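First up is the structure itself, then whatever we jot down about it.
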Amino acid sequence: MDIVITETERQVRTSVVDIHITAIGSSVGSSFSLLCSIRDLAKERGNYRYIAKAEEQPHRNQMLIGFLASAAEPPERLDPRLAGQPVIDLDYFALICDKMQ
């Protein structure tokens, strides 16, 4: 499995990432690899614990990620395309991501 994630657009509290899968592995492994990469980006952007994401936004093979100040912050406040997206607590995946490194 080989996934390349590149941040292509950065706003104050949102990022757009390009996702390129160059070698296919298990879907579970790919999902966790992607999630852990997003967790790393959230740490770099300001040690954010909560995010919301919109897949295929703004284009195919891209993802819009919003970095939330709290679990209660409405994602659409950062970008209207995040409306209705669930808030993800990245700390929930800490043990898995830390073991993958």
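The values are calculated or read from the model by the stated rules, or taken from the named source; none is laboratory data. Keep in mind that this is a model prediction, so the values were computed, not measured. Ideal geometry is used to build each Cβ from the backbone, glycine not excepted, and the neighbour counts take in all protein chains shown. Heavy atoms of the whole protein, side chains included, go into the accessibility calculation; ligands, DNA and RNA do not. Shrake-Rupley method; radii C 1.70, N 1.55, O 1.52, S 1.80 Å.
Computed quantities for the displayed model
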quantity	calculated
Which listed residue, of Leu82, Leu35, is modelled with pLDDT under 95 and open to solvent by less than 30 Å² (accessible area, probe 1.4 Å)	Leu35
Qualifying positions in segment 30-87 - in contact with a Gly (Cβ under 8 Å, 6 or more places away or on another chain) and acidic (Asp, Glu)	Glu76, Asp79
Segment 60-80 residues that are over 18 Å from Glu9 (Cβ atoms), paired with ones that are at pLDDT below 95 and part of a loop (DSSP other than H, G, I, E, B) (beta carbon under 6 Å, 6 or more apart)	none
Complete set of residues in segment 44-56 that are in a helix (DSSP H, G or I) and surrounded by fewer than 12 Cβ atoms within 10 Å (Cβ to Cβ)	Glu44, Gly46
Pairs, first closer than 21 Å to Asp89 by Cβ in segment 22-43, second among the charged types (D, E, K, R) and at pLDDT 90 or above, C-beta under 7 Å, six or more apart	Leu41/Glu7
Scope segment 57-79; condition of a type outside the set (A, V, I, L, M), touching an Asp or Glu at 6+ places or on another chain (Cβ under 7 Å) and open to solvent by less than 50 Å² (accessible area, probe 1.4 Å); matching residues	Gln62, Gly66
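This table checks each residue for (1) in a helix (DSSP H, G or I); (2) among the hydroxyl-bearing types (Ser, Thr, Tyr); (3) touching a strand residue (DSSP E or B) at 6+ places or on another chain (Cβ under 8 Å).
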position	(1), (2), (3)
Pro58	no, no, yes
Gly66	no, no, yes
Ser70	no, yes, yes
Glu73	no, no, yes
Glu76	yes, no, no
Gly84	no, no, no
Ile96	yes, no, no
